[in-house]
1. Go through (1) surrounded by 19 or more Cβ atoms within 10 Å (Cβ to Cβ); (2) not in a helix (DSSP H, G or I) for K291 and report which single condition fails.
2. Which numbered condition trips up S310, out of (1) within 20 Å of A17 (Cα to Cα); (2) in contact (Cβ under 8 Å) with a residue 12 or more places away in the chain; (3) surrounded by fewer than 19 Cβ atoms within 10 Å (Cβ to Cβ)?
3. Output the number of residues of the range 294-323 satisfying the condition of being closer than 30 Å to A39 by Cα and part of a helix (DSSP H, G or I).
4. Please go through the range 400-418 and pick out each residue that is at pLDDT 85 or above and in a helix (DSSP H, G or I).
5. Looking at the range 126-158 only, could you name the residues that are outside any helix (DSSP H, G or I), crowded, with 24+ Cβ neighbours inside 10 Å and in contact with a Ser or Thr (Cβ under 9 Å, 6 or more places away or on another chain)?
6. Is it the case that some residue within the range 58-70 is touching a residue at least 24 places away in the same chain (Cβ under 8 Å), within 22 Å of M1 (Cα to Cα) and crowded, with 17+ Cβ neighbours inside 10 Å?
7. Is one or more of the residues making up the range 41-54 touching a residue at least 40 places away in the same chain (Cβ under 8 Å), hydroxyl-bearing (S, T, Y) and over 24 Å from V418 (Cα atoms)?
8. Only one of S338, S358, S378 is of a type outside the set (D, E) and in a helix (DSSP H, G or I); which?
Amino acid sequence: MSVILLIVFVVGYLAIALEHNIHVDKAASALLTGTICWALFVLGYPEAPAHLSEAFQAFMHEHDGHGLLSVFYEHRLLHHMEEISSILFFLLGAMTIVELVDAHEGFRVITDKIKTNNKVKLLWIICILTFFFSAVLDNLTTSIVMISLLRKLISDKETRWIFAGMVVVSANAGGAWSPIGDVTTTMLWIGGQLTTPVIVINLIIPSIIAMVVPLGIMSFRLKGEVSRPNQDADQGAVTSSFERNTVFICGVLGLLFVPVFKTITHLPPFMGMMLSLGAMWLLTELLHREKNHEEKSQLSVIGVLRKIDSASVLFFLGILLAVSALQEAGHLIVAAESLRANLENIYLIDIAIGLLSSIVDNVPLVAASMGMYEVVDSVPGLSSWDSMFVQDGKFWQFLAYCAGTGGSALIIGSAAGVAVMGLEKIDFIWYLKKISLIAIAGYLAGAGVYVLMFA
């Protein structure tokens, strides 16, 4: 059954990749893949897999020996749905806030200050903004914001796709060197494997290289100037300068507040995002309370929610369900153990994990690595191998870089990539041809720089 499960995942993966060739929306393929994989897991494993045996025994003990395996599997699914739902609500909240700012023409505060139409100069501006925004917000939120900016700056779809692909690379690179920039770095930070000063100081230079190398290569390919869309062509309700600036500033502050809320309360990030969304909802209701129903409906959260791309959210759901099924079946653990057995060099192990994270989600891969390798106490006489696994050890540092940036190799290899793919309807094969190779070049260049700095 494990082989069939893998086959279904691969077939579903190909259906997503060949969306435009088979004329089936990727959300449908992702949902079918995710649900079928879980059904095969539940029906194909009459006994709990070895890596879940302890969890199953604990579950049986909790239910006084009367727990059924099917109920245990349902419990495991709901366990994953906690994390998946958290991501989906986070995504939904961020998309709504960004759309609300967009409805008020708030992004003109930035786009009006970007005067250049030169493709190369504009690409550098966008990528640098993305890199640093990602470290402060996170790579997912930043990608959503930057796609909204690109729609205001570039009318040609092919050119906008190139910029969007570079946004994915820059967002993932920017998230890797910040404890709140990428979920895998956050996992290692919360788990005690890494501390904030080490993350920032040791990973910022490799992360910059991971962005600059692809950016430099793409700069040689781009020629000419961008054509900007007509800002008045799709104009809906007219907003005043005060309304535009107020909603923009409050929207940005609301997004920036999310990591602060998480740090203070230790609640999941989606709670901070929902708090910010609620505050924005109240703000816009008060701002437009005197307007007629038609004008108000275009500038309210209710009106904005109709514009949210629900298919992208469902696509995300299907992908995460499929990966969690592979995790439950033990395939990701087998992959991690195989890396450990065949690659005895920690740098090669981390590089392989990073590239593997472009195929399956980096979160379970990092979780598997955290489960396989424990944090070693720093004491005199440690072997060179064990010294790599102390707190702030080289293995954990390099894992944060590789898991954070390796997903750029494929557009569905990171949360940022999945969001951009959904928002801009980017073709998987197009990204593979245009962006993947230069993203890998940047990833390997940054990895090389880290090894030269610390090996």
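1. Only one criterion in (1) surrounded by 19 or more Cβ atoms within 10 Å (Cβ to Cβ); (2) not in a helix (DSSP H, G or I) is unmet by K291, namely (1).
2. If we test S310 against (1) within 20 Å of A17 (Cα to Cα); (2) in contact (Cβ under 8 Å) with a residue 12 or more places away in the chain; (3) surrounded by fewer than 19 Cβ atoms within 10 Å (Cβ to Cβ), just (2) comes out false.
3. Counting residues in the range 294-323 that are closer than 30 Å to A39 by Cα and part of a helix (DSSP H, G or I) gives 14.
4. A400, Y401, C402, A403, G404, T405, G406, G407, S408, A409, A416, G417 - these are the residues of the range 400-418 that are at pLDDT 85 or above and in a helix (DSSP H, G or I).
5. Passing the criteria: only D138.
6. No, because not a single residue in the range 58-70 is touching a residue at least 24 places away in the same chain (Cβ under 8 Å), within 22 Å of M1 (Cα to Cα) and crowded, with 17+ Cβ neighbours inside 10 Å.
7. Yes, the conditions are met somewhere in the range 41-54.
8. Step by step, each of S338, S358, S378 is checked, and only S338 is of a type outside the set (D, E) and in a helix (DSSP H, G or I).
The values are calculated or read from the model by the stated rules, or taken from the named source; none is laboratory data. Computed from a predicted model, the values in this text were never measured in an experiment. Note: ideal-geometry Cβ built from the backbone for every residue, glycine included; neighbour counts use all protein chains shown.
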